[in-house]
Amino acid sequence: MELKFSFAKMVKRSIGLSAVALLLAGCLSGGSGSTTASSGSATVSAASVLGTWKWMSVTSSGGTSTDASSAGITISLDASTYTLTVPAITTTTLFGKTYAACTETDSYTLSGNTLTINTTSISVSGSLCGPVGAGSSSTISVNGSTMKITDSTGVVSTYSLQSSGSSNASSGAKMYMIGAYHLTLNNNLNSKLHALSTVSGQSIATISLNGLGAGVAANLTTKKIYVSTQAGSAVNNYVQVVNTATNSVVTSITLPLGKVPNAVAVDPTANLVYVSNSDGTISIIDGATDTLLTTTTASIGGLIKVNPTTGILYSFGGDDRMYTLKYNVTANTYTTQTISLLNVATGYIHPSISHRGIDIDPLTNTIYTADWTDHTLWVINGATNTLTTSIPMTGNVFPNDVVVTPSSKKAYVASSYGGAILVIDTTTNTVSSSIAQGAEHLAINPVDGTIVIVAYSASLMPQELNYDPTSNVLSQPVSILGIPVGMVISP
């Protein structure tokens, strides 16, 4: 078995472990089992791998994820030494085995993208340390605070950087997801907000809501999550505010009677929160005081997003139009505009456009919306509020979602049916490449810049993956509760 180190930069390692530890050894000794979506690799620097890494989870080649955060297994790299530390494991939670405590210390060298471990002979019976053989090569990939180690059979272990020797079970970014669609809608799950580790997929916290969750958005500046909840059209509904430091609801904002909230969007610059109601109105909330400011009379609500630079809200309903809203905080007034979405390529307006995702590039003031029905990515000029172009999605692609990475001038379009994520060159507005992975939802990880992907496996099991656009590496999947009704990523 070829054992590989997948820190997230490239590695070559001579490593061998005792037979009793062979399965877990593949997880601890990393490699390039991560799927390469396209050519290219990240540049390794010595500083990028230094530190103590705590083992958080392992995913088998069959896709089953196991939480390993309580095992206390770490890999440490200082300027000259590699150290594997394993405490005594007395339970059989890891592969149905118990393990003796051991420490393996080796020297290593780093040259270009190759890390060579010069391992000494260690023999501790029934442990995860062992004598080494020769000839195993490895690739290490490190993305922000996450290290992935993959063996040649597809078994992946995931580490998080541990600081000051403290537990790192909830380090890195967190995925906040409302409920879960998994073949059928589970209302019990939908009445909770689930905080999951983007590293392991494991639960960090479960937050009870006072109704069925419908929409969710994050203010990364104030570290708040806003969740719209539905109890019915004849009663008051709410927007609940969650503190990401404590993972608890700190207040509930009452909406006008009969307003049933759906999508939520945040303007972090003005600290405003927008809620799209089922009757098309928009409720506007002061994020500083978490109080309701006003609710529009104009029926313009739908899928919503705010450009944080211009403060303009863009809304897409189930028709052939886009709406904008600009709120004046001082006067407590707003202005709106209606924009026709004529398909530039065909001259055709679809009578029932189904917008599934929206994102904005604030650097170029460009809005992108994924149209599931018309197999199209719409591109809108935010300076003139006119349609720039419509990009047809090639192949059997039904766009579910879109995210933009302004610095790399890329947009990523998710499709569950086409089995691929299309990569759009936003300078030419053309499809430049694709990633061989179907997806239901996409989000940008604000901690390390990776793209968080939520998808169904071939057996219709919900899973999460991470794509690194710098190294073009797609991680192995980890199991999650289900496909979320809505999700955001927050530090």
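Worth pointing out:
- When the test is whether a residue is within 27 Å of Ser340 (Cβ to Cβ) and charged (D, E, K, R), Asp286 does not pass it.
- Taken over the stretch 277-300, residues that are among the hydrophobic types (A, V, I, L, M, F, W, C) and closer than 15 Å to Asp267 by Cβ amount to 5.
- Only residues that are modelled with pLDDT under 85, within 12 Å of Ile480 (Cα to Cα) and assigned to a strand (DSSP E or B) were counted in the stretch 160-203, giving 4.
- Options Thr426, Thr405; residue that is more than 12 Å from the chain's Cα centre (by Cα) and closer than 26 Å to Tyr159 by Cβ: Thr405
- Tally, over the stretch 456-478, of residues that are surrounded by fewer than 19 Cβ atoms within 10 Å (Cβ to Cβ) and farther than 22 Å from Leu422 by Cβ: 3
- Counted as qualifying within the stretch 398-448 are the strands (runs of 3 or more DSSP E) with 1 or more residues that are over 16 Å from Asp371 (Cβ atoms) and small (Gly, Ala, Ser), namely 430-435, 441-444.
- Hits in the stretch 271-310 (condition: under 25 Å from the mean Cα position of the chain (by Cα) and assigned to a loop (DSSP other than H, G, I, E, B)): Asn271, Gly287, Gly302, Asn307, Pro308, Thr309
- For the stretch 324-360, a residue qualifies if it is modelled with pLDDT of 90 or more, of a type in the set (Ser, Thr, Tyr) and within 26 Å of Pro406 (Cα to Cα), and the qualifying residues are Thr324, Tyr327.
- Among the residues of the stretch 265-289, those identified as out of contact with any Asp or Glu (no Cβ under 9 Å at 6 or more places or on another chain) and of a type outside the set (Val, Ile, Thr) are Ala265, Asp267, Pro268, Ala270, Ser276, Asn277, Ser278, Asp279, Gly280, Ser283, Asp286, Ala288.
The values are calculated or read from the model by the stated rules, or taken from the named source; none is laboratory data. Note that this is a predicted model, so its numbers are computed, not measured. For neighbour counting, all protein chains shown are included, and Cβ atoms are generated from backbone atoms with ideal geometry for every residue, glycine included.
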